[in-house]
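Readers should treat all values here as calculations from the given coordinates under stated rules, not as data from a laboratory. Given the structure is predicted, the values throughout are model-derived calculations rather than measurements. So basically every Cβ, Gly included, is an ideal-geometry build from the backbone, and we count neighbours across all protein chains shown.
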Amino acid sequence: MLSGFLKAHTGNVRVRALEHGDPEIITVLTHIAWTHSQLGHDDTAAETMHDVLDVQREVLGREHRDTLEAMANTAYLYNKAKRYARAQALAESLCATRDRVLGPTHSETFSAESLLLFIYINSRQHKKAATLAKAVYRKQLPILGPDHEDVAAVKSAMEDSEEAIMLGSLGHLGIAAVQTWWSSKYRERI
């Protein structure tokens with residue numbers, strides 16, 4: 001029942017958000033995207049969040065914090081929908097922008113890099129995953145310390161990616177560690 005209601009009314013909310021750029025409508029549209037995701041409508045969730053991103057870019061600009069958050073959410077949802085090329089393109093752009101705007105050791109830059117790592121792992125790009133994981137690990141370790149959960153997740157992904165390069169397939173523990181960590185970051189925001 002909720003699923004049918006969402007599908008019927010999402011289009012109207014999109015039109016209003018795009019026409020007016022109203023922050024409350026953008027918030028509603030964001031919640032609709034996450035609800036679609038929770039219901040398993042991954043493609044619809046990703047496209048709806050992409051609408052949010054388009055509005056944020058137009059209204060707030062490409063480097064505004066809310067726009068960058070919408071970009072991260074959109075990349076995450078495209079990844080969840082197994083649309084890896086779109087997810088990767090957004091995440092790579094997000095990493096470059098956050099690095100330039102916030103700096104290479106900002107927590108939101110680390111978060112963007114972890115998202116890109118997650119996408120590389122899911123799309124079986126083991127060499128890229130291993131290279132990125134090493135770089136992120138080297139940056140995070142002196143700042144967050146060896147016992148921090150984010151550092152441990154990146155280290156696990158790095159080790160599993162290196163093993164996957166040798167074995168030709170990624171170990172289930174590495175995928176599970178990064179997926180659990182990344183999913184928990186998004187559950188906190190909902």
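Can I get the semi-axes of segment 84-158's equivalent ellipsoid? Compute them from the C-alpha gyration tensor as square roots of 5 times the eigenvalues, in angstrom, largest first. Don't skip to the answer; put the middle values down first.
Details: eigenvalues 70, 51, 14 Å².
They are 19, 16, 8 Å, listed from largest to smallest.
So for each of 96-104, 30-38 I average, over its residues, the number of other beta carbons within 10 Å; can you give me the resulting order with the highest mean first?
Highest mean packing first, the order is 30-38, 96-104.
What's the local net charge at Arg138, with K and R +1, D and E -1, over the other residues with C-beta under 12 Å away?
+2
Mind giving me the FRET efficiency for Val101 and Gln38? R0 is 41 Å, r the Cβ-Cβ distance, nearest 0.05 is fine. Working shown, then result.
On the way: r = 31 Å, r/R0 = 0.74.
Between Val101 and Gln38 the formula returns 0.85.
Tell me, how many Å apart are the Cα centres for segment 70-102 and for segment 141-156?
If we compute the Cα centre of each part, the gap is 22 Å.
Among the aspartates and glutamates, which have Cα under 17 Å from the Cα of Lys127 when same-chain residues fewer than 8 positions away are ignored?
Answer for Lys127, where 17 Å is the Cα cut-off: Glu92, Glu113, Glu159, Asp160, Glu162, Glu163, listed by chain and number.
As a quick test, which of the pairs Lys82/Lys155; Lys80/Lys128; Lys80/Lys139; Lys82/Lys134; Lys80/Lys134 have an alpha carbon distance above 22 angstrom in this structure?
Too far apart for the 22 Å limit: Lys82/Lys155; Lys80/Lys139; Lys82/Lys134; Lys80/Lys134.
Do you know the relative contact order of segment 65-104, to the nearest whole percent, from alpha carbon pairs under 8 angstrom that are 6+ apart? Write down the numbers at each step before the final one.
Values: 24 pairs, mean separation 14.5, N = 40.
Rounded, it is 36 percent for segment 65-104.
What Rg and what Dmax come out for segment 53-119 when only alpha-carbon atoms are used, in angstroms?
My reading of the Cα-based Rg and Dmax gives 11.0, 30 Å.
Subtract the Cα-Cα distance of Lys134 and Glu92 from 0.36 nm times their separation in residues, and report this length gain in nm to one decimal.
On the way: separation 42, 0.36 × 42 = 15.12 nm, distance 1.64 nm.
That works out to 13.5 nm of additional length.
Assuming R0 = 22 Å, what is the FRET efficiency of His31 and Asp54, from their Cβ-Cβ distance, to the nearest 0.05?
Approximately 0.80, to the nearest 0.05.
Based on the mean of other Cβ atoms within 10 Å per residue, sort peptides 145-151, 65-71 so the most packed one is first.
65-71, 145-151
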